[in-house]
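Since the structure comes first, as structure tokens, the remarks are kept for the end.
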Amino acid sequence: GSTGGDVILLDGDLGAGKTCFSRGFIRGRTGRYDERVTSPTYLLSNSYDVDGGSTKLYHMDLYRLSGSENDLLPLNLENVFTTGISLIEWPSRLNKKPAERLEITLTIDSSTDAAPEIEDEDSKYRRMTLVPFGTRWAERLELLQSEGLLEDLL
């Protein structure tokens, strides 16, 4: 499971499912499957207690920020990245990314042969790309792959 210091950066198309992914991750990690998880677009950051309150899980949406130091300062990212579990939407707004991180990119598959019979945008196929940075994430992804758990995403 995820632990303090884990940083997951969520990038991708508008409407591709970054907040939906975060909602599932947060509900799974907190064990509160009816938890109301909303996009922190206007609040910038929502936090959730995990591990009996000993760890915070931060869900941030940086879409509205320019990426300037002044924009990011109130988020206390240095502390968040070292002590909490972080889900960061729109990480392109970060001036500096942590060395140990997992980058997830979600895209909407717009190819005509993906699902030609589907006209509803919410029902179109999504593509998820996982890129580990650092040994911590590389080892985790190798374990998931060796256990066949990534096949469930296909």
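The values are calculated or read from the model by the stated rules, or taken from the named source; none is laboratory data. Please read these numbers as outputs of a predicted model, since none were measured by experiment. Glycine also receives a Cβ, built like all others from the backbone with ideal geometry; neighbour counts cover every protein chain displayed. Note: accessible area is taken over every heavy atom of the protein model, side chains too, but ligands, DNA and RNA are not part of it. Shrake-Rupley method; radii C 1.70, N 1.55, O 1.52, S 1.80 Å.
Restricting the search to the stretch 1-16, which residues are of a type in the set (A, V, I, L, M) and open to solvent by 10 Å² or more (accessible area, probe 1.4 Å)?
Filtering the stretch 1-16 for residues of a type in the set (A, V, I, L, M) gives 7-10, 14, 16.
Scanning the stretch 1-16 gives a single hit, L14.
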**Complete:** Counting only strands (runs of 3 or more DSSP E) entirely within the stretch 1-105, those with at least 1 residues that are more than 14 Å from the chain's Cα centre (by Cα) are 45-50, 55-61
**Prompt:** What are the residue pairs meeting all of these: first residue in the stretch 77-89, first residue more than 18 Å from Y63 (Cα to Cα) and open to solvent by less than 60 Å² (accessible area, probe 1.4 Å), second residue at pLDDT below 95 and among the hydroxyl-bearing types (S, T, Y), Cβ atoms under 6 Å, and 6 or more apart or on different chains?
**Reply:** I85/S2
**Request:** Return the pairs, sorted by first residue and then second, in which the second residue is part of a loop (DSSP other than H, G, I, E, B) and aromatic (F, W, Y), the first residue lies in the stretch 29-49 and is on the phi < 0 side of the Ramachandran plot, the beta carbons are less than 8 Å apart, and the residues are 6+ apart or on different chains.
**Result:** T41/Y63
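How many residues does the stretch 17-44 hold that are buried (at least 16 other Cβ atoms within 10 Å of the Cβ) and out of contact with any Lys or Arg (no Cβ under 6 Å at 6 or more places or on another chain)?
Pass one, the stretch 17-44, residues buried (at least 16 other Cβ atoms within 10 Å of the Cβ): 17-19, 21-23, 25-27, 29, 37, 39-40, 44.
From what is left, the residues that are out of contact with any Lys or Arg (no Cβ under 6 Å at 6 or more places or on another chain) are 18-19, 21-23, 25-27, 29, 39-40, 44.
So the count comes out to 12.
Within the stretch 30-74, count every residue that is small (G, A, S) and modelled with pLDDT of 90 or more.
Taking the stretch 30-74 first, the residues small (G, A, S) are 31, 39, 45, 47, 52-54, 66-68.
Applying the additional criterion that residues be modelled with pLDDT of 90 or more yields 31, 45, 47, 52-54.
Qualifying residue count, the stretch 30-74: 6.
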